[in-house]
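Here's the structure we're looking at; comments come further down.
The values are calculated or read from the model by the stated rules, or taken from the named source; none is laboratory data. Computed from a predicted model, the values in this text were never measured in an experiment. Neighbour counts run over all protein chains shown; Cβ positions are idealised from the backbone, glycine included. Note: areas computed on protein heavy atoms with side chains; ligands, DNA, RNA excluded. Shrake-Rupley method; radii C 1.70, N 1.55, O 1.52, S 1.80 Å.
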Amino acid sequence: MPRHVMAAFLAALLISKGASAAELTEPNSLSCPGLSISHFESRFPAKFKRVTFENDMLEPFVELWKAGSRPDLPKQPERVVVYAFPDLPLIIGYQEQHCIIAYLAIDSDVLQRWLHQYLGWTA
């Protein structure tokens, strides 16, 4: 299956509606402007890795979001988590408190070029 089809499938899986009773009763679930992190991550394949970026490392990821033809982020994220899966594109989750406020799928080589261009180093 081509990578762009796999990325679209993964993105569709992530935004599918169907929440469990536990997620509906999760504290502060009504104040979440997007998916809860637990609901978001429950849609992933069994094996994945995550790397969290905060503080000064947020800017390159916010600029990456702005570089595409996307609407503005609903809020300034507190952190960004890059999720890596075997043989799939990366998912970048923009987080605020316990919520995913935005996410995007990106090939690892594209992210690496972006970080090299933006920061001058290789991921």
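Summary table
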{"item": "Strands (runs of 3 or more DSSP E) (entirely within the stretch 10-123) containing at least 1 residues that are open to solvent by 80 Å² or more (accessible area, probe 1.4 Å) and modelled with pLDDT of 90 or more", "result": "49-54"}
{"item": "Every residue from the stretch 42-58 that is in contact (Cβ under 8 Å) with a residue 24 or more places away in the chain and not aliphatic (A, V, I, L, M)", "result": "ARG43, PHE44, PRO45, LYS47, PHE48, LYS49, ARG50, THR52, PHE53, GLU54"}
{"item": "The stretch 80-123 - residue that is farther than 24 Å from SER31 by Cβ and among the acidic types (Asp, Glu) and, of those, nearest to the chain's Cα centre (by Cα)", "result": "ASP107"}
